[in-house]
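Written below as structure tokens is the structure these notes are about.
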Amino acid sequence: MARHGGGRGWYGKVLGAACGVTLLAVGASMWTAQAGVVSGSSPKATVSARPAGDVKPVAVDIAHASDQGARGVNLTIDDGPDPVWTPQVLDVLREYGVKATFCMVGTQAQAHPDLVKKVVADGHRLCDHSVSHDTTMDKKSEAFQSKQILDAERMITEASGGVRPMYYRAPGGAFTPYSRTLAASRGMRPLGWNVDTKDFEQPGADAIVATVERELPNGPTVLLHDAGGDRSETVEALRRLIPRLEEQGYSFGFPVR
Ligand SMILES: [Zn+2]
């Protein structure tokens, strides 16, 4: 079957999919706590302190092709960093010499800057996954979307020691034309996915592997999670999946920007 990474057909099908829904309640309360902060009253509430000179705008459409071409696979790891699971995911990736893209929740990055720095040091890429993972972001005001995206960009960049996120993935795929345009103007390519492993439903490592092998013909970008619950199945699935796919001639890379 022909792969169509780069096509748009998959997007409508997964638009309503929730990823990392268990974070939602926590994220919502964090947002409520932040909402009363008047912009500019605290250094943590504004993005104006960051120099913008090094930011180059990127394309606004949703990326999912791989820089490794027709047999490329983009592993994307969402909702962390998490002190239990992110180190285990990093260990597996390091063992096989594979790079991935980590879509981080701003508050998680802020809480675990050591993990953000480890992800960067291992050669992986960062992706802005909003401040509080509100999967109804596409129904919210532009002011809300802007704050979620730009504050998370700042939190992740500060936690990494100055390495900026290269992508923006809306929580649950809840992109809007506004959020895509804003992220792209900050050098963060909107990032979709083709293969939803549903690992957060804990279907078993075998089922996660089977889903990837079945759905990879749809496109190269695979959605996995390193937070939001017990991710031992995800770690085990990666351990089985990487050598299996390499045997089948796949190579691992990054989403095109
Ligand atoms: Zn997510």
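No lab work stands behind these numbers, since they all come straight from the coordinates. Values in this document were obtained by computation on a predicted structure and should not be read as measured data. Cβ placement follows ideal geometry from the backbone for every residue including glycine, while neighbour counts extend to all protein chains displayed.
Please state the shape class of the stretch 116-257: rounded when a/c is under 1.5, otherwise prolate if a/b exceeds b/c and oblate if not, all from the C-alpha gyration tensor. In terms of gyration-tensor shape, prolate.
Take every pair of alpha-carbon atoms less than 8 Å apart whose residues are at least six positions apart; their mean separation over the length of the stretch 159-257 yields a relative contact order of 24 percent. Under the shape rule built on the C-alpha gyration tensor, where the axes satisfy a ≥ b ≥ c, the stretch 62-142 is oblate, since a/c reaches at least 1.5 while a/b does not exceed b/c. With K and R counted +1 and D and E -1, the other residues having a Cβ less than 15 Å from that of VAL58 yield a net charge of +3.
Within a Cβ distance under 12 Å of VAL98, other residues only, what is the Lys/Arg minus Asp/Glu net charge? Here the charged neighbours net out to -1.
The average projected area of the stretch 77-123, computed from the convex hull of its Cα atoms over all directions, is 2.8 nm². Could you tell me which of the pairs LYS99/LYS140; LYS99/LYS139; LYS139/LYS198; LYS56/LYS118; LYS117/LYS139; LYS117/LYS147 are separated by over 27 angstrom between their Cα atoms in the structure shown? Over 27 Å Cα-Cα: LYS99/LYS140; LYS99/LYS139; LYS117/LYS139. Summing Lys and Arg as +1 and Asp and Glu as -1 over all other residues whose Cβ lies under 11 Å from the Cβ of LYS140 gives a net charge of -1.
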